[in-house]
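Have a look at the structure below, then the notes.
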Amino acid sequence: MASLTEDHPPIGIHDINDESKHKKLNTDVVERESGEREMGHSIHRSGSRPQLDLSKAAIQGNFEEKDPTILLPNQSDDISHLALDIGGSLIKLVYFSRHEDRSVNDRRKKSIKEIFGVSNGNRRSYPILGGRLHFVKFETAKINECLDFISSKQLHRGGLDARHWNSDAPDNENAVIKATGGGAFKFADLFKERLGVSIDKEDEMGCLVSGANFLLKAIRHEAFTHMEGQKEFVQIDTNDLFPYLLVNIGSGVSMIKVDGDGKFQRVSGTNVGGGTYWGLGKLLTKCKSFDELLELSQRGDNRTIDMLVGDIYGGMDYSKIGLSASTIASSFGKAISDNKNLEDYRPEDISLSLLRMISYNIGQDIILETSKCCCTVALCTVPEAQCMIYIAYLNALRFGLKRIFFGGFFIRGHAYTMDTISFAVQFWSKGDAQAMFLRHEGYLGALGAFMSYEKHGLDDLMISWMEKFVRKGTEITAPVPMAPPGTTGLGGFEVPSSKGDTLRSDASNLNVGVLHLVPTLEVFPLLADPKTYEPNTIDLADHGELEYWFTVLSEHLPDLVDKAVASEGGTEDAKRRGDAFARAFSAHLARLMEEPAAYGKLGLANLLELREECLREFQFVDAYRSIKQRENEASLAVLPDLLMELDSMNEEARLLTLIEGVLAANIFDWGSRACVDLYHKGTIIEIYRMSRNKMQRPWRVDDLDLFKERVLGLGEKKPHPHKKALLFVDNAGADVVLGMLPLARELLRRGTEVVLVANSLPALNDVTAMELPDIVAEAAKHCDILRRAAEAGGLLVDVMINAADVNKENSSSVPLMVVENGCGSPCIDLRQVSSELAAAAKDADLVILEGMGRSLHTNYNAQFKCDALKLAMVKNQRLAEKLIKGNIYDCVCRYEPASSDLQSSSLC
């Protein structure tokens, strides 16, 4: 991490965007953060609120199963969502549960102690647990049965399953559940009375569209065609999904033109639909359920009740107007002349006759409404069950739509209905349009209501990873100061009183150079010669150098205070502590200018650690916490697409892209003055995109070809994978997620064990060892390589896999582990590392040091017993001139093979 730099303008970066736009973005961020504080952090942040993970979601069960469960194999958060679509005829319910038959193989929980023989403190396991979406329906007239079902499973309280996993979870006395449909208004009081929950009403049409988009984008084997009794599943290209026509046949019928997420318009509809069929069927057949009525129709013969054209014309067609003898002239027409009572007719025949009549009249009513056809009930040139489809096709033709999706409980997987619809669409479009169906056709509204809990980002499924990252970046801008510069008073903190008001008398209590976690510190065992090792590359014994860095630290101080105060909610107490911190740290700097050896030998690493200890002394635990969280979220959102892009490359191109990615992502540095200035002028993501675009070789220090030869081999020389690599990671966000994690993944792919080494305590926006497992768990959801390695390393416990299969699956997987370095500074002195890191390093044969703090400010000249790769983007002009004779934003890729005569880097 480049924790310090002067105000130096980067070439070609100031014009990223116009100033007014970014002022607005910065203002929006401040207003949003302020709103969060006022509302008690009620605004969504995925780091603190449970998230629905749709990656690799799939239908569970056989292809013929109705309303099948949707499996969410990568779900890690506990979701307590329940959503309903309360229609006029049916209540459709969607809810989440954990996996049944869960069993955790405790022997697979490899702790750091088991792996390295040392204690890992309070490190916890981060399981990927999996989950399911379930689909249930009830008749609206029997709403009490629905309420009993919800109550029995405690779905309104998070579910019995949630209680199993978190028995200490308090009851939610103010529970809110999402619902759509007219019943969400009609029965709101009943839900409150029976279950003690409030109904949060969602727009019905919007939920239908949202539910359909969810299924079409995220679920494989959901959409299918049906022709002549044959079902064929179709995987929709999400880049070519919109626009489409959605024909939803529920109690009534709606035809909706869908142009995108949240973009739709209702273009037609009718009040005769599934509700009509169910209502009349219940009266005429005494069926007790919708499914029973529909099942009856499959065994029926409507010719015993319907009057056909052939009945009128003696078995002949009415060819003059194009009607076949089998065309229905009058539904239920034979009942007029038959001397029979209702009980004399078979319920099966009544059900089929009614089904065909409703299909016919749905089409007729739409035609009359839209004036697209002038046919009548008895004399229609369009076959009766095809009339509705014809008008649907006309609407599709009108808007240039190629796909028509049919949904709603009227269809219910009925083969005759689907075949008729498919044939009609194919006939009228001459094969240009296609009728498609959804396995969860009746649950579109309920699914849409379910998705509305968190707005799960389905719109992100159709754009490139870089485009997604740019979108996310609009929310990640540099927060402007929350209050005008100036003192707010010390608020109980004693004014510095000794040495001419330059330092408090109790300054020794800061314990400079001693971390507050009291680890057991050891010498890093891979140092070539610990006796000659010097971590600092900057000599602060030079008064000019000392003065320069003190000036940089002083100029950075106001921005750091702003971040620290914001991290504590901007309260008056936080402002007082921030002011006290600034005074104390300034006093330390003043004393060190007078007496550079006041606290022993002074190096830049000591100076930076002093700053972090001062922050902790005034109870600022992690000044960049919220910033790191936002940057992690934005980066994790695009990681799956980046990995997919990397996997499409050959290994040589992939390795180059990986190293470029590490260097470009290392630009994210809140300790760098130049970078902070960039953030005030543009979003972080724009800066990253610029950095990637400018990433051209040769770099200022460019040993990539040497490293590539070692990793990939050369000519007939076969590569020999490293046994274990220690990756010293730097910043949170893009730096670790889009830079170092993909590089770690590549090493894992090649059979190299990987240990991610991170700070024990926060320092600026550096990622910590406690934060990394969460990040790895999120990344592992989208990558089998990371997932298996994280499981093998004890970071994940995946209970979805049977215990018997676990050891078999992971027996050949190399582990991915996380250890803390024993440090709370942007730099690192390898003479003082944690015992955990020392143990992990003993059999490592590759060290990768990333970031300015660890590979330039310190350890640039360090030599190791093993291979070493040092990667950083230089973000300080003075350091660039002195260390590499280059400029700000130059790149360093320094590779030193393990040999007695270490090769020198090639300066370009």
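Taking region 698-716, which residues are touching a residue at least 12 places away in the same chain (Cβ under 8 Å), surrounded by fewer than 21 Cβ atoms within 10 Å (Cβ to Cβ) and in a strand (DSSP E or B)? Once the filter is applied, which keeps residues that are touching a residue at least 12 places away in the same chain (Cβ under 8 Å), surrounded by fewer than 21 Cβ atoms within 10 Å (Cβ to Cβ) and in a strand (DSSP E or B), region 698-716 yields only 702. Condition first: in contact with a Gly (Cβ under 6 Å, 6 or more places away or on another chain), closer than 21 Å to residue 249 by Cα and modelled with pLDDT of 85 or more. Can you find one or more residues in region 340-349 that meet it? So far as region 340-349 goes, no, none of its residues is in contact with a Gly (Cβ under 6 Å, 6 or more places away or on another chain), closer than 21 Å to residue 249 by Cα and modelled with pLDDT of 85 or more. Among residues of region 717-739 that are within 20 Å of residue 636 (Cα to Cα), those with a beta-carbon under 9 Å from a residue that is in a strand (DSSP E or B) and polar (S, T, N, Q) at least six positions away or on a different chain give the pairs 729/759; 732/768; 739/731.
A quick yes/no check of all residues on (1) modelled with pLDDT under 55; (2) open to solvent by less than 10 Å² (accessible area, probe 1.4 Å); (3) among the β-branched types (Val, Ile, Thr); (4) within 22 Å of the chain's Cα centre (by Cα):
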site: 641; (1), (2), (3), (4): no, no, no, yes
site: 646; (1), (2), (3), (4): no, yes, no, yes
site: 662; (1), (2), (3), (4): no, yes, yes, yes
site: 669; (1), (2), (3), (4): no, yes, no, no
site: 674; (1), (2), (3), (4): yes, yes, no, no
site: 678; (1), (2), (3), (4): yes, yes, no, no
site: 690; (1), (2), (3), (4): no, no, no, no
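Scan region 591-608 for residues that are charged (D, E, K, R) and under 16 Å from residue 537 (Cβ atoms) and the total you get is 1. Would a scan of region 755-763 turn up a residue that is modelled with pLDDT under 95, open to solvent by less than 10 Å² (accessible area, probe 1.4 Å), outside any loop (DSSP other than H, G, I, E, B) and among the aliphatic types (A, V, I, L, M)? Checked against the condition, which is being modelled with pLDDT under 95, open to solvent by less than 10 Å² (accessible area, probe 1.4 Å), outside any loop (DSSP other than H, G, I, E, B) and among the aliphatic types (A, V, I, L, M), region 755-763 yields no hits at all.
Checking 325, 335 one by one, the residue that is open to solvent by less than 40 Å² (accessible area, probe 1.4 Å), small (Gly, Ala, Ser) and either outside any strand (DSSP E or B) or at pLDDT below 85 (or both) is 325 and no other. Among the conditions (1) open to solvent by less than 40 Å² (accessible area, probe 1.4 Å); (2) closer than 20 Å to residue 735 by Cα, residue 656 misses just one, which is (1). Of everything in region 208-238 that is over 17 Å from residue 64 (Cα atoms) and hydroxyl-bearing (Ser, Thr, Tyr), the residue that is surrounded by the most Cβ atoms within 10 Å (Cβ to Cβ) is 210.
In region 867-908, of all residues being open to solvent by 50 Å² or more (accessible area, probe 1.4 Å) and of a type in the set (Lys, Arg), the one that is modelled with the highest pLDDT corresponds to 885. Among the residues of region 427-461, those that are modelled with pLDDT of 75 or more and in a helix (DSSP H, G or I) comprise 441, 442, 443, 444, 445, 446, 447, 448, 449, 450, 451. With the condition kept exactly as written, say whether any residue in region 832-845 is open to solvent by less than 10 Å² (accessible area, probe 1.4 Å), modelled with pLDDT of 95 or more and in a strand (DSSP E or B). Looking through region 832-845, none of the residues is open to solvent by less than 10 Å² (accessible area, probe 1.4 Å), modelled with pLDDT of 95 or more and in a strand (DSSP E or B). Among the residues making up region 269-318, those that are among the charged types (D, E, K, R) and either open to solvent by less than 60 Å² (accessible area, probe 1.4 Å) or part of a loop (DSSP other than H, G, I, E, B) (or both) are 286, 288, 291, 299, 301, 306, 317.
Tallying residues that are open to solvent by 30 Å² or more (accessible area, probe 1.4 Å) and either among the hydroxyl-bearing types (Ser, Thr, Tyr) or at negative phi (or both) within region 253-266 yields 6.
On inspection, residue 620 qualifies as of a type outside the set (Lys, Arg), open to solvent by less than 10 Å² (accessible area, probe 1.4 Å), under 16 Å from residue 565 (Cα atoms) and assigned to a loop (DSSP other than H, G, I, E, B). Restricting region 179-207 to residues that are open to solvent by less than 10 Å² (accessible area, probe 1.4 Å) and touching a residue at least 60 places away in the same chain (Cβ under 8 Å), the residue that is farthest from the chain's Cα centre (by Cα) is 183. Residues in region 252-281 that are in contact with a helix residue (DSSP H, G or I) (Cβ under 7 Å, 6 or more places away or on another chain) and over 26 Å from residue 403 (Cα atoms): 276, 277, 278, 280, 281.
The values are calculated or read from the model by the stated rules, or taken from the named source; none is laboratory data. In this text the structure is predicted, and so the values were computed from the model without any measurement. Because the Cβ atoms are built from the backbone with ideal geometry, glycine has one as well, and the counts that use them run over all protein chains shown. In case anyone asks, the SASA skips ligands and DNA or RNA and just uses the protein heavy atoms, side chains included. Shrake-Rupley method; radii C 1.70, N 1.55, O 1.52, S 1.80 Å.
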